Amino acid sequence: MALELSYIGNHSSHQLLQPDFNNCINFGTTNSSITCNTLRRSVEIGGISGTATWGFGNYHGMTAKLDKRLSMGLQFTTSYTYGHALANSGTTLSNSPGCCNVLDPTNYNSSYANASWDIRHNLSTGFNYDLPFGRGRTYGANLNRLVSALVGNWQLNGVLTLHTGQPVTINSNGCQGVWNRCQPELVPGADPNAAPAGGRRADEWFDTANFLPPAPLTGGNLGLQTNYGPPTRSLDLSIFKDFPFTDRWRMQFRAESFNLANTPQFNAANLDINRQDANFGRITGTQPGSERHIQFELRLQF
């Protein structure tokens, strides 16, 4: 066996952004005649879309890996990472709700927050185990060929994945004036990602009482990516059985399951504080295709 511990850190620069080069400033007002176009640097032009490379990010992490090489029919690799990623840029490929928003288009540093790929805890393990039953094995070494053909040559394989959820951004549209991004108001001293009384559940993933409508003439005080979505917990397990005919020919039976325990892989909760119903903070669906799947296979090998 080998245990490896390491620190990983990096700084990324010149990341792609897509700013409006004729952006408008954030401006609190109740005057409906004031719009984004009236607040642009050059009001006669309108929006100018383009790309820029002033995005940046940082990452710090600790990793641990335990490897067991094949002995007594068993081998496995287990790895764990605890890390924190921050950035002022996002990517739609992360599938993180609110990943690519900007609080102030005149100051991208204001959007430096938990990165959309910030997975704090990540544990995964994979193993293969040749079960020690049958002729020539630890148990049943002297079995007759018929019994050995039934109980021998079985192999168990598995992959366990456990990791915390992705960052998400709470939404609001109750801001007065012109704001590139409207955020709720956080109750003073509250933790935006705090669990509700009784723990997290699909009916209430975070404590919704910690969020209020934005204060008048402001864009709210809540930052980006302050909350985290549901974790991933999944066990894939398979069992193989070999039926050797000759040195060259054998038949293999496979039973494979994905998400064996049928653990729900939840979508992100409803993040819109403005909906006047009970769905704010509630999870109403699971990821497509994440339910348990079982398949069987016969394979001729030569």
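Within the range 245-302, track down each residue that is over 30 Å from PRO196 (Cβ atoms), assigned to a loop (DSSP other than H, G, I, E, B) and free of Cβ contacts under 8 Å to residues at least 40 places away in the same chain.
PHE245, THR246, ASP247
Kindly provide the set of residues from the range 108-130 that are surrounded by fewer than 16 Cβ atoms within 10 Å (Cβ to Cβ) and within 25 Å of VAL178 (Cα to Cα), ordered by number.
ASN109
Please find, among ALA190, ALA141, ALA149, the residue that is within 30 Å of ALA278 (Cβ to Cβ) and either over 23 Å from the mean Cα position of the chain (by Cα) or at pLDDT 95 or above (or both).
ALA190
What's the number of the condition ALA141 fails, among (1) touching a His at 6+ places or on another chain (Cβ under 9 Å); (2) not in a strand (DSSP E or B)?
(1)
Does THR232 meet the test of being β-branched (Val, Ile, Thr), closer than 30 Å to THR29 by Cβ, in contact (Cβ under 8 Å) with a residue 24 or more places away in the chain and crowded, with 16+ Cβ neighbours inside 10 Å?
For THR232, the condition - β-branched (Val, Ile, Thr), closer than 30 Å to THR29 by Cβ, in contact (Cβ under 8 Å) with a residue 24 or more places away in the chain and crowded, with 16+ Cβ neighbours inside 10 Å - is not met.
Could you tell me how many of the residues in the range 203-229 are buried (at least 16 other Cβ atoms within 10 Å of the Cβ), outside any strand (DSSP E or B) and of a type in the set (A, V, I, L, M, F, W, C)?
4
A quick yes/no check of all residues on (1) over 30 Å from TYR228 (Cβ atoms); (2) at pLDDT 95 or above; (3) of a type in the set (A, V, I, L, M):
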| position | (1), (2), (3) |
| --- | --- |
| ASN22 | yes, no, no |
| CYS36 | yes, no, no |
| MET62 | no, yes, yes |
| SER110 | no, no, no |
| SER116 | no, no, no |
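Does the range 108-125 contain any residue that is over 26 Å from LEU222 (Cα atoms), touching a Lys or Arg at 6+ places or on another chain (Cβ under 9 Å) and either without any contact (Cβ under 8 Å) to a residue 12 or more places away in the chain or not charged (D, E, K, R) (or both)?
No, the conditions are met nowhere in the range 108-125.
The values are calculated or read from the model by the stated rules, or taken from the named source; none is laboratory data. The model shown is predicted, which means the values in this text are computed figures rather than measured ones. Don't worry about glycine lacking a Cβ; one is built from the backbone with ideal geometry, like all the others, and counts go over all protein chains shown.
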